[in-house]
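Report on one structure; see the data block that follows.
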């Protein structure tokens, strides 16, 4: 949520260095200048359809890495498309996994009305500091927050009501689930249930928050895991 393709720049450099060709998708209505009104017409299903079209345009089955809401999109993608491997960072839970924890409720508390009205929104700074970037330095928190774009309230509503269901039997590629021990938006308890759903490898990083893109260790470990799966 709230990001464009630039969110993946560090990950792309890490994987490019290892010989991979990389692509990063800017989700619908997340280009700048942003079409905020366009966000009223898109939800998780539209994001999935967009990414599926990108995958179908590639010459071979890709490795897909998703973060947070993007990781939920990636799970839906893996349900219907052939992937070589799937990495889920700080993943939002699919329907069927009870995800409401006190910390999760506090994260979304400033945007409940936005979800109900399906209107574009940005997470309030206090909620972001609490649940998204809580272990980063003050300077890093400010830089990340200032980069945030508007997000689809319809997509948030899809998540809150648990309507995005994934048939784990159709996800046949290797899966890695990654989470920070201090993640309050998608806590480790939820990540462990996602890992069990797919029979996935699971890694939990002490002292890390939801914003795992700030961790070089996570990037390197994810790249190492991918190399092991595809060689």
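The values are calculated or read from the model by the stated rules, or taken from the named source; none is laboratory data. Just so it is clear, the structure is predicted and the values come from calculations on it, not from any experiment. Cβ sites come from the backbone with ideal geometry, for glycine too, and all protein chains shown count toward neighbours.
Restricting 123, 159 to residues that are outside any helix (DSSP H, G or I) and crowded, with 21+ Cβ neighbours inside 10 Å narrows the list to 123.
Matching residues to (1) in contact with a helix residue (DSSP H, G or I) (Cβ under 9 Å, 6 or more places away or on another chain); (2) outside any strand (DSSP E or B); (3) over 18 Å from residue 69 (Cα atoms); (4) free of Cβ contacts under 8 Å to residues at least 12 places away in the same chain:
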site: 114; (1), (2), (3), (4): yes, yes, no, no
site: 127; (1), (2), (3), (4): yes, yes, no, no
site: 139; (1), (2), (3), (4): no, yes, yes, yes
site: 143; (1), (2), (3), (4): no, yes, yes, yes
site: 164; (1), (2), (3), (4): yes, yes, no, no
site: 173; (1), (2), (3), (4): yes, yes, yes, no
site: 184; (1), (2), (3), (4): yes, yes, no, no
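Considered as a group, the residues in the stretch 1-21 that are part of a loop (DSSP other than H, G, I, E, B) and exposed (fewer than 15 other Cβ atoms within 10 Å of the Cβ) include one that is nearest to the chain's Cα centre (by Cα), and that residue is 21.
Given the condition farther than 30 Å from residue 197 by Cα and modelled with pLDDT of 95 or more, answer yes or no: does some residue in the stretch 149-172 qualify?
yes
When the stretch 204-215 is filtered for residues that are more than 21 Å from residue 2 (Cα to Cα) and touching a residue at least 60 places away in the same chain (Cβ under 8 Å), only 207 remains. Taking the conditions (1) touching a residue at least 40 places away in the same chain (Cβ under 8 Å); (2) within 16 Å of residue 156 (Cβ to Cβ) in turn, residue 65 satisfies each one other than (2). Being farther than 25 Å from residue 203 by Cα, in contact with a helix residue (DSSP H, G or I) (Cβ under 7 Å, 6 or more places away or on another chain) and buried (at least 17 other Cβ atoms within 10 Å of the Cβ) is a description that applies to residue 110.
Residues that are within 16 Å of residue 23 (Cα to Cα) and surrounded by 14 or more Cβ atoms within 10 Å (Cβ to Cβ) within the stretch 40-53 comprise 47, 48, 50, 51, 52, listed in sequence order. Among residues of the stretch 22-35 being in contact (Cβ under 8 Å) with a residue 60 or more places away in the chain and exposed (fewer than 15 other Cβ atoms within 10 Å of the Cβ), the one that is nearest to residue 116 (Cα to Cα) is 34.
Table: residues versus (1) under 30 Å from residue 53 (Cα atoms); (2) in contact with a strand residue (DSSP E or B) (Cβ under 9 Å, 6 or more places away or on another chain).
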site: 99; (1), (2): yes, no
site: 102; (1), (2): no, no
site: 110; (1), (2): no, yes
site: 118; (1), (2): yes, no
site: 124; (1), (2): no, no
site: 131; (1), (2): no, no
site: 138; (1), (2): no, no
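Residue 97 satisfies every condition listed in (1) touching a residue at least 40 places away in the same chain (Cβ under 8 Å); (2) part of a helix (DSSP H, G or I); (3) closer than 28 Å to residue 221 by Cα except (2). Of all residues in the stretch 77-101 being modelled with pLDDT under 95 and loosely packed, with under 14 Cβ neighbours inside 10 Å, which is farthest from residue 185 (Cα to Cα)? Filtering first and then ranking leaves 98.
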